[in-house]
1. Out of the residues in the stretch 6-40 that are more than 22 Å from K82 (Cβ to Cβ) and modelled with pLDDT of 95 or more, state the one that is surrounded by the most Cβ atoms within 10 Å (Cβ to Cβ).
2. When L301 is evaluated against the numbered criteria (1) farther than 20 Å from F145 by Cβ; (2) surrounded by fewer than 13 Cβ atoms within 10 Å (Cβ to Cβ), which criterion, by number, is the only one it fails?
3. Given the conditions (1) in contact (Cβ under 8 Å) with a residue 40 or more places away in the chain; (2) over 25 Å from A66 (Cα atoms); (3) under 20 Å from the mean Cα position of the chain (by Cα), which single one is not true for M223?
4. Does D284 qualify as being without any contact (Cβ under 8 Å) to a residue 40 or more places away in the chain and assigned to a loop (DSSP other than H, G, I, E, B)?
5. D278: assigned to a helix (DSSP H, G or I), over 26 Å from Q107 (Cα atoms) and of a type in the set (D, E, K, R), yes or no?
6. Within the stretch 250-260, does at least one residue satisfy the condition of being touching a helix residue (DSSP H, G or I) at 6+ places or on another chain (Cβ under 8 Å), closer than 25 Å to A101 by Cα, in contact (Cβ under 8 Å) with a residue 60 or more places away in the chain and hydrophobic (A, V, I, L, M, F, W, C)?
7. Please find, within the stretch 76-109, the residue that is farthest from I277 (Cα to Cα) out of those that are part of a loop (DSSP other than H, G, I, E, B) and not hydrophobic (A, V, I, L, M, F, W, C).
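The values are calculated or read from the model by the stated rules, or taken from the named source; none is laboratory data. Only a predicted model underlies this, so the values are computations on that prediction, with no experimental measurement involved. With ideal geometry, Cβ positions are generated from the backbone for all residues, glycine too; neighbour counts draw on all protein chains shown.
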Amino acid sequence: MTLSCILLALILDAFFGEPNWLWSKLQHPAVTFGKIIKWGEKKYNNGINRKGKGVIFLSVVVIFLATLGFAIEQLPFSAIWKILIVAILLSHKSLIEHVSAVSLGLQKDIDHGRKAVAMIVGRDTEKLNESNVARSAIESAAENFSDGIIAPLFWFFIGGLPGIIVYKFVNTADSMIGYKHPQLEQFGWASAKLDDILNWIPARLSGLLICIVYQNNSAFQTMRRDAKLHRSPNAGWPEAAMAGVLDIAISGPRSYDGKEKLYPFVNPDGKKKLTAIDVDNAVDVLWRSWGGLVLGCGVALFFSTIV
């Protein structure tokens, strides 16, 4: 049942994504998570022991969401609810659309490219040149393939609806309050650490999947060698795999809040002058990896029915 749910959810998400007609009438779970996080940060991120308050806040919400997921699984027609909720919490089509928008923007002019990539990255984009806009989009494509598709499915496979719902909340919390900022680093410490833990296996599986679907041993070696160069303990794996199969250099220096960060390149010998074509190639990697995932689930489901 779990494999068939994953397979159907992958197909539903890829075809329908996040339809505006639905989410203009209902509130997307990610929006709900965001409101909960903003409320908690505003109410508890003050005074003394902010780290402890962050731990307690995260723990209480995680327990509540896990209980909610378990309760939904007990409802009539739970299989249908599972498929729909998993599809809603995946983001393959949305990721494709956002990354493709960067390519389309760059094909018009640099300003359109910068505006499009600003929608999916947190770094300063006002002064990015064509190569850095493309590089930023490709990095986001690889990282979000792990965070938005592989990790949610992994935790659904391990823990059912409680697993995927908790993961999506923690991942959202990390993106909002988990980064190192004087006002947030104490309160968001628990979210950042738990997100690192929950993404440890999925990030490595994501990179491995990219290498497997391309049958590219060189990319696998690049991933093993360069993943540790990334500032993140997890994002380096899918990003290095993406860089390997495309033979490009990604990561490298960038600016946050006006401060230049001299990060090393991942796959430094790869092509550094990137264009919209390289972004399109990254989109192809996402689709091919999605196809490999669907095929793998289909094969596993077939053999599970005959054993």
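1. That would be I37.
2. (2)
3. If we test M223 against (1) in contact (Cβ under 8 Å) with a residue 40 or more places away in the chain; (2) over 25 Å from A66 (Cα atoms); (3) under 20 Å from the mean Cα position of the chain (by Cα), just (1) comes out false.
4. Numbers: without any contact (Cβ under 8 Å) to a residue 40 or more places away in the chain: yes; assigned to a loop (DSSP other than H, G, I, E, B): no.
Answer is no for this residue.
5. Values: assigned to a helix (DSSP H, G or I): yes; over 26 Å from Q107 (Cα atoms): no; of a type in the set (D, E, K, R): yes.
Taking the combined requirement at face value, the residue does not satisfy it.
6. Keep residues of the stretch 250-260 that are touching a helix residue (DSSP H, G or I) at 6+ places or on another chain (Cβ under 8 Å), which gives 250-252, 254.
Pick out the ones that are also closer than 25 Å to A101 by Cα and you get 250-252, 254.
After this cut, where a residue has to be in contact (Cβ under 8 Å) with a residue 60 or more places away in the chain as well, the list is 250-252, 254.
So of that shortlist, the ones also hydrophobic (A, V, I, L, M, F, W, C) come out as 250.
So far as the stretch 250-260 goes, yes, one or more of its residues are touching a helix residue (DSSP H, G or I) at 6+ places or on another chain (Cβ under 8 Å), closer than 25 Å to A101 by Cα, in contact (Cβ under 8 Å) with a residue 60 or more places away in the chain and hydrophobic (A, V, I, L, M, F, W, C).
7. Taking the stretch 76-109 and keeping what is part of a loop (DSSP other than H, G, I, E, B), we get 76-77, 90-91, 109.
In the following step, the residues that additionally are not hydrophobic (A, V, I, L, M, F, W, C) were identified as 76, 91, 109.
Numbers: P76: 48, S91: 23, D109: 14 Å.
Applying the filter and picking the extreme gives P76.
Every residue, every condition in (1) modelled with pLDDT under 90; (2) buried (at least 22 other Cβ atoms within 10 Å of the Cβ), yes or no:
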{"site": "K228", "(1), (2)": "no, no"}
{"site": "G244", "(1), (2)": "no, yes"}
{"site": "R254", "(1), (2)": "yes, no"}
{"site": "G258", "(1), (2)": "yes, no"}
{"site": "V266", "(1), (2)": "no, yes"}
{"site": "K272", "(1), (2)": "no, no"}
